[in-house]
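K.L.:
The following block contains the structure, expressed as structure tokens.
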Amino acid sequence: MSGVWVIAEQLEGKLSEVTFELLGRVRELALGGRVVVVLLGHGIKELTPELGAADSVILVEDETLANYTPEIYRRVIAELARARNPRLIMVANTSMGMDLAPGLSGELGIPLVAYCKDLRAEDGQVVAVSQLYGGKILVESILEGGKGLVSVLAGAFRADAGKKAGTPQVETVACPALGTPRICFKSLLRPQTGDLDITKENILVSVGRGIQSQDNIPIVEELAKALGGALTASRPIVDNGWLPKSRQVGKSGMTVKPKLYIAVGISGAPEHIEGMRDAELIIAINPDVGAPIFDVAHYGVAADLFDILPVLTEKIRPPQ
Amino acid sequence: MEIVVPVKQVPDLVEELVIAPDGTRLDPDSIKLKLNEFDEYAIEEALLLKDAHRAKVTVIAIDAEGVDEILFTALAKGTDRAIKVTGDFSDGVDSHTAAAVLGEVIKGMPHDLVLTGVQAADDRDGQLGPLLACALKVPHVSVVTGVHLVGNRVTINQEYAGGVVAEMEVDLPAVLGIQAAEKPPRYVPVSKVRQATKTAKVDEVAASAVPAVPSTLVRRMFKGESGGKAEMIEGTAEEQVERILAILRERGFLK
Amino acid sequence: MDPTFPAREVFRNFSAAAVVVFYFLAAVATAVFLYGFWLRIKKYRRGRPANRLNQLWSRIFKAGRTIGKHTTLKKRDSLAGNAHALIFWGFIALFIGTLIIMVDHDFLRPISPGLQFWKGTFYLWYSAILDIMGVGFLVGLGIMMLRRWRLRPAQLDYSRPDRKAAEYDRTGYVRDDQIFLWGLFWIGVTGFILEGLRIAADRPPFEIWSVVGWQIADFFDLVGFSPATANRLLFFTWWLHAILALGFVAYIPYSKAIHILVDIANILFHDETSAKRLPPVPEGAPSMGYRNLADLTWKELMDLDACTKCGRCHAACPARAAGMPLSPRDLILELRENAEQSLGGRSWLHESAIREVDHTVTGKVIKVETLWACTTCMACVEACPVAIEHVPLIVRMRRKLVEDGTMDGNLQSVLEKIARYGNSFGQSERLRGRWTQGLPFKIKDVRKEPAEYLWFVGDYASYDPSLQELTRATGRVFHKAGLDFGILYDGEKNSGNDVRRVGEEGLFENLVHKNLSVIQKCKFKGIVTTDPHSYNTLKNEYPEFIPPGNSIWQVSHYTEILASRLETRQFPLARRLSYRVTYHDPCYLARYNGVMEAPRRILRALGVECVEMPRSGESTFCCGAGGGRLWMSDTRSPGVATASEQRIEEALALGNIDIFLVACPKDVTMYRDAVKTSGNEGRIVVKDIIELVEEAL
């Protein structure tokens, strides 16, 4: 039983940030044993030098692995795990991770702790801190002997700790024969940026459920305009159809890193925070002083947005 | 076509969550349970498929306080059958246990498609969907928005970050973790639910014994620091606005 | 005949054949009339039953008084009201006059000429009165014509807010109006001409009592008619008048003239509580609400025919004024056109439209947006001179929309929140009493301790962050006024008034049962509320759910209680206030429940100068939040001011108003927003009466 495995994520030949976040943390944890990155895909060998922070990389390349599909990826990784018995397997809590982590737990019969915000090594055990109940509650789970699976929230750890160029030992493994797959990849659809690419904007004013009604959105839009920025939103607003998908910030929207991010009526669910935590200056306005958004904001105003925004907008505008 | 929708309740996050004195779980008296939001979307997606393809929809849940109301509401919305799995669940049911218990029951009934909410707020040990798929030995996809039946397969959309979507074809039977339905969940008038409670029937099935599932111990449960890292701006609304303006000016955001 | 004895020979100078022809024509006209009348009755009989025949004598008395005094016609429009009174009484007088002749000549004479009474002194008074009434009749008609075709008041504009102009054509209605007015006018004029000619023909001296006819006869003399000429012209004029009159009688059931009969019945069968206390879903009904015309009761079908297109409801409706696709008038007329098409009893002239022969009324014939636009303020019901009950009909159609889930996403989410949390804010019910924390004293929990008054606070006052201070002020004022009161804390749920008006009857019943189960365990004498919506349902609708034998408590609005305490000086005022204010009557307080004096008594006791807006008291203009509108998104086209913005402008037009006063928490929110969005910040301040009372203490 050896080693800590990080299941890498790549999309169309580019390694995702979460891979480096996990890699960096594993290195810091120094659990003992080799740090191995498991990389599946097709024609992605040139990505391996980016994984210098790992001790070794298990590379499985095959046409059937060119695009991620849940079943094949899981079965390949499970076969590898059964053969090599890693102590701890780390997966990111992304869509792929939400397929793989429970899937591997079920197939391999090993315990899983999900939604990890933090991992610590303590006396030969791994303590995984999960963020549950909409981010309001934290739970410490013990992985006995540091054995098991953890799925880690994107953005829980810093990526730069895992980014080290180098030449890890690369072991190329043949893809096992798995018979006819029951899930077939068809195509990848990228969102239309529509009117605006919010990832390129410097100033974003974001609206959440606290706005209560579509009719009130202009209040926030006015502030965005007055600042010369763009209007963005959290998922519920886009789901309601009040703003287009191109404006969505969060786990299943865009990840943005603007100079200024003003969160209006957003409570700060982990999925949203994932998309904006790296903004340079975050100001949050929410009537609930316990809202998780205040954990990631630099400045917080526990007030009703309807009392603050119109006045703020008026004062920012040049005098008419 | 037979669609099965496993559902469960989770604590309502509107209420203040209180940690029990032993520090490892929530105080049950402080909790108010409500149907997991994503399971609601799964029910809606199932009903939309039923409307389009004349499928039959069965909703299934493990017995817990308040589960009857959930099941009768689902019946009032239009599902054909509701099953309550009874047994001793006083210690709580995690995803692994639920997958084992439900898997046994679902195995014994026709199931072409199993739709369940992609995740729930209390999924410490991971999401139900993939675990259930493992128990049923069928394929599974998470974070699905968009389910289209094509013969004996479904074409689905899996959502990734940044709004990227992958289209895949999945052989049936399969389990899908629903992120969102094609339409928001339909409204069911209170009178219809009341009617269902009086006239409809919830089937009860006893859970069969299941082997122990791999699990981890909870050492501690606690609340995140409130207020956290933000510097809170106090005062009247006018004072708060002035302070915000000062910060923005200082950082060069105002012309 | 003795030329000096007052009497008149009927059918003088008529050949027997002519008399027969006349009676024949009269019979035909009557038959046509009766047939049309029968078709209408047949239509109403197809309606579902409704209990409107109870307390028949009281109904007859009330209807008689309303119609006799023309109260519903004169309020809101005294010009039309008075002109109509002239036409009404004139028509009745002339009709009775004709009846008298018929009874005297056709019934009494064949039996025995000794029974005849149309002669002598009676005849003299008869002549005078009828002439005067006849002139009044023509004057009334003249005023109406000038009003309709010269003044062109806005309420007579037939354009529809719920259809595009190309989709309908109402020239049929305009023709109907023209035929009616000109028809009656010419009947009147020919009647006078005929009288003048008759008198000019042989000048019986007693005919000077025909004060107008005598003068017309003089005019004919002046113009040079000889008695022989007069006689000849008389013949033609008599037939012209007869044909016009008989034609009119036959025409009645096929035109707007039917209102003469239907409206009397409609007022007779009116139920004043029909909007205040909405009818429950009928037992065994296939659906919760109305889907098509077969669902309407006979009274509702009669309502459709009663409409005279006067447009008062159209002018009074706040939704229409704010640019929403709802006109109560057009809703009724649309249903009427459809009822005529499918159930019969048709008008000869009507609106032509590309009308789908679809029997589904709710959502198809009457659009979904139209039904959801209503604020249930009851201005239409109050303004209607002929007792049409628009609001319950709209709610019954909404019930179907709710059953099908056809509603705005916001509304759905609010209903789900109310069902789950008992409040429209979606906040924990445990937090309902949190607003009390800012008070220097503890408010009794009436579930645990007895109190004189149970204060039913309401959702908005309890949960809206901007209203918490106002709710605390109310608590402080009650405390200083020495009121022994308590609240239900988290035992209180949304009262359900607006939930019922949205059409979610099942949820309404749930809320009533939940509230009653808590309230009935408390010991108190009466309920006081600060929310007019809760007031309405607690007072008018909750009693139906209380098992007989249990006591039903008194429900008061806070203004009613404070008014009497202030007047009897039960709590002293530290100062008198010298503001110039205007008071906005909340719809559910003033129009629904008649509470208008109490707030004004408080203002008088405080010493403020209260200036009334044009639309005050029962004709108050809704803020636009009722009927669940507050929970729906605004889908109007931009450019038209909202109802609340229009009201603020109405207040500002009074000049120098310091404070816009309200007595309802939702009004506070609506009008404070309206002041901001209409750009009037700083020009006027919105306050609840409680705030003034506290200031004066």
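K.L.:
Run the paramagnetic zone check for C:Leu222: 7 angstrom along Cα to Cβ, then residues of the range C:130-150 with backbone nitrogen under 12 Å.
P.N.:
none
K.L.:
Something else: Using the number of other C-beta atoms within 10 angstrom as an exposure proxy, rank A:Thr180, C:Thr66, C:Thr370, A:Thr199 with the fewest first.
P.N.:
A:Thr180, A:Thr199, C:Thr66, C:Thr370
K.L.:
Quick check: the distance between the Cα centres of the range C:551-629 and the range B:1-54, to the nearest angstrom?
P.N.:
Distance between centres, Cα-based: 47 Å.
K.L.:
Per the helix-only calculation at 222 nm, which mean residue ellipticity applies to chain C, given -39500 (n - 2.57) for every DSSP H run of n ≥ 4 and division by its residues, nearest 500 deg cm²/dmol?
P.N.:
After summing the helix terms and dividing by residue count, I get -16000 deg cm²/dmol.
K.L.:
Still on this structure, please answer the following. Pull up the cross-link candidates among the aspartates and glutamates for C:Lys256, meaning alpha carbon to alpha carbon under 12 Å and not fewer than 8 places away within one chain.
P.N.:
Leaving aside aspartates and glutamates fewer than 8 places away in the same chain, those within reach of C:Lys256 are C:Asp176, C:Asp177, C:Asp305.
K.L.:
Here's another thing I want to ask about it. Taking 8 Å as the Cα distance limit and 6 or more residues as the minimum spacing, I'd like the relative contact order of the range B:2-206 as a percentage.
P.N.:
Reported as a whole number, the value is 26 percent.
K.L.:
Let me ask you something else. What does the C-alpha gyration tensor say about the overall shape of the range C:282-404? Classify as rounded when a/c is under 1.5, otherwise prolate if a/b is larger than b/c, or oblate.
P.N.:
The shape class here is rounded.
K.L.:
Which of B:Ala174, B:Ala230, B:Ala120 ends up with the largest GNM mean-square fluctuation for chain B, with Cα atoms connected below 10 Å?
P.N.:
Taking springs between Cα atoms under 10 Å, the residue moving most is B:Ala230.
K.L.:
Can you list, bin by bin at 5 Å, the percent of alpha carbon pairs in the range B:2-206, starting at 0?
P.N.:
1, 7, 15, 21, 20, 16, 11, 6, 2, 0, 0
K.L.:
How long are the semi-axes of the ellipsoid equivalent to the range C:544-686, from square roots of 5 times the Cα gyration tensor eigenvalues, in whole Å, largest first?
P.N.:
28, 24, 11
K.L.:
Less than 28 Å apart at the alpha-carbon level, and either on another chain or at least 8 residues along: which lysines does that give for C:Lys521?
P.N.:
Within reach: B:Lys32, B:Lys198, C:Lys276, C:Lys417, C:Lys442, C:Lys444, C:Lys448, C:Lys480, C:Lys493, C:Lys539.
K.L.:
Sticking with this one: By how many degrees, 0 to 90 and rounded to 10, does the Cα axis of helix A:95-108 deviate from the longest principal axis of chain A?
P.N.:
40
K.L.:
Here's a follow-up. Pick out which of A:Ala279, A:Ala291, A:Ala302 has the largest mean-square fluctuation in a Gaussian network model of chain A, springs linking Cα atoms closer than 10 Å.
P.N.:
A:Ala302
K.L.:
Between the alpha-carbon centers of the range B:163-192 and the range C:203-245, tell me the distance in whole angstrom.
P.N.:
When both Cα centres are located, 87 Å separates them.
K.L.:
Could you work out how far the C-alpha centroid of the range C:277-355 sits from that of the range C:655-679, in angstrom?
P.N.:
Each part's Cα centre sits 34 Å from the other's.
K.L.:
Okay, next question. Quick check on the range A:198-316: take the gyration tensor over C-alpha atoms, sort the square-rooted eigenvalues as a ≥ b ≥ c, and tell me if it's rounded (a/c under 1.5), prolate or oblate.
P.N.:
Since a/c stays below 1.5, the shape of the range A:198-316 is classed as rounded.
K.L.:
Taking a ≥ b ≥ c as the square roots of the Cα gyration tensor eigenvalues, with a/c under 1.5 meaning rounded and otherwise prolate when a/b beats b/c, else oblate, which class fits chain C?
P.N.:
Here chain C falls in the prolate category.
K.L.:
Let me ask you something else. Based on other C-beta atoms within 10 Å, arrange B:Arg243, C:Arg312, C:Arg12 from fewest to most.
P.N.:
C:Arg12, B:Arg243, C:Arg312
K.L.:
What list do you get for C:Phe508, C:Phe206, A:Phe157 if you sort them by fewest beta carbons within 10 Å?
P.N.:
With the sparsest Cβ surroundings first, the list reads C:Phe206, A:Phe157, C:Phe508.
K.L.:
With chain A treated as a Gaussian network of Cα nodes joined by springs under 10 Å, which of A:Ile308, A:Ile44, A:Ile203 yields the largest mean-square fluctuation?
P.N.:
Ranking A:Ile308, A:Ile44, A:Ile203 by mean-square fluctuation puts A:Ile308 first.
K.L.:
Using a 10 Å cut-off around each Cβ of peptide B:150-161, what is the average number of partner chain Cβ atoms that fall inside?
P.N.:
Mean shielding count: 4.
K.L.:
Under a point-charge model restricted to the Cβ atoms of Lys and Arg (+1) and Asp and Glu (-1), what is the dipole moment magnitude of the range A:198-316 relative to its Cα centre, in debye to the nearest 20?
P.N.:
Rounded to the nearest 20 debye, it is 400 debye.
K.L.:
Which angle from 0 to 90°, rounded to the nearest 10, does the C-alpha axis of helix C:665-677 make with the longest principal axis of chain C?
P.N.:
Around 80 degrees separate the two axes.
K.L.:
Tell me the net charge near A:Leu138. Cut-off is 9 Å between Cβ atoms, A:Leu138 excluded, with +1 for each Lys or Arg and -1 for each Asp or Glu.
P.N.:
+2
K.L.:
Restricting the count to DSSP beta bridges whose residues both fall in chain C, what percent are antiparallel, rounded to a multiple of 5?
P.N.:
Of all bridge pairs located within chain C, approximately 10 percent are antiparallel.
K.L.:
Where Rh is the Kirkwood radius over the Cα pairs of the range A:136-260, the temperature 37 °C and the viscosity 0.692 mPa s, what D in µm²/s does Stokes-Einstein return?
P.N.:
The diffusion coefficient I find is 172 µm²/s.
K.L.:
Using a cut-off of 28 Å between alpha-carbon atoms, which lysines can reach A:Lys14, once sequence neighbours fewer than 8 places away in the same chain are excluded?
P.N.:
Within the straight-line limit of under 28 Å, A:Lys14 reaches these lysines: A:Lys45, A:Lys117, A:Lys163, A:Lys164, A:Lys186, A:Lys200, A:Lys245, A:Lys251, A:Lys257, A:Lys259.
Values in this text are rule-based calculations from the coordinates and carry no lab data. In this text, all values refer to a predicted model and were calculated from it rather than measured experimentally. Backbone-built Cβ (ideal geometry, glycine too); neighbour counts: all protein chains shown.
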